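Worksheet: one structure, shown below.
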Amino acid sequence: MNDRRASANRKTSETHVHAQVNLDGQGLAKVSTGIGFLDHMLTALARHSRVDIELTCQGDLHVDDHHTVEDCAITLGEAVLQALGERRSIARFGYAYAPLDEALARAVLDLSGRPWAGVQLATTREQIGTISTENLTHFMQSFAVAARVTLHVDVLRGENDHHRVEAAFKALALALRMAIARDDSATIPSTKGVLT
């Protein structure tokens, strides 16, 4: 079996991000972004996808949270993209529902090599902790583009924004876990013979 580990770095005048993933991990997370709620969501993503994630970011949080959130998503997506390689012997598609108390979220994804994201978190607050809720949507969109994933995430119900967003991240994690699962073939799961 191929080793499905990879790392990525992003250094700009706004941020310095390092990400490392192991797609065949145990769901371990070592995350420090400077944004507590984002750390919480990335820890949930690791735990429920069973992808080991290490991610650190030094960002210009004195400006706002946008650059940090975006660059963490891009770097994590790039690491996942590298770890997937040519995407041979994977399930490719994943879908999941995840509840958190009154909130219910659905995520559907395709490791297609074609980046697209439709994300509807339907939050009502401007912030959760120190992160702008619009940037949580932007995180998922940026991750999908960088990882070259087709992604649909919808929060179907919920009243508490923390619950809504956490349910969405957990649904994403479970769908990712399904899609990256190894199958017994040595083929690329596409009628074209390539995923790009």
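The table for this structure:
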quantity	calculated
Matching option when the condition is aliphatic (A, V, I, L, M) and more than 17 Å from the chain's Cα centre (by Cα), among Ile131, Ile90	Ile90
Answer from Ala167, Ala144, Ala117 - the residue that is under 26 Å from Gln20 (Cα atoms), part of a strand (DSSP E or B), at pLDDT 95 or above and out of contact with any Lys or Arg (no Cβ under 8 Å at 6 or more places or on another chain)	Ala117
In segment 28-47, residue surrounded by the most Cβ atoms within 10 Å (Cβ to Cβ) [restricted to those that are assigned to a strand (DSSP E or B) and not charged (D, E, K, R)]	Val31
Candidates Gly77, Gly59, filtered to the one that is surrounded by 19 or more Cβ atoms within 10 Å (Cβ to Cβ), farther than 20 Å from Val165 by Cα and either touching a residue at least 24 places away in the same chain (Cβ under 8 Å) or not polar (S, T, N, Q) (or both)	Gly59
Breaking point among (1) over 13 Å from the mean Cα position of the chain (by Cα); (2) closer than 18 Å to Leu84 by Cβ; (3) not charged (D, E, K, R), for Ser49	(1)
Residue in segment 48-65 that is assigned to a strand (DSSP E or B), at pLDDT below 95 and among the β-branched types (Val, Ile, Thr) present	no
Whichever residue in segment 125-161 is out of contact with any Asp or Glu (no Cβ under 6 Å at 6 or more places or on another chain), free of Cβ contacts under 8 Å to residues at least 40 places away in the same chain and surrounded by fewer than 18 Cβ atoms within 10 Å (Cβ to Cβ) and, among such residues, is nearest to Ala105 (Cα to Cα)	Glu134
Matching residues in segment 1-27 - criterion: being assigned to a strand (DSSP E or B), charged (D, E, K, R) and closer than 30 Å to Asp183 by Cβ	Arg5
Selection count where residues are assigned to a loop (DSSP other than H, G, I, E, B) and not basic (Lys, Arg), scope segment 73-109	6
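The values are calculated or read from the model by the stated rules, or taken from the named source; none is laboratory data. None of these values were measured; they are calculated from a predicted model. Backbone-built Cβ (ideal geometry, glycine too); neighbour counts: all protein chains shown.
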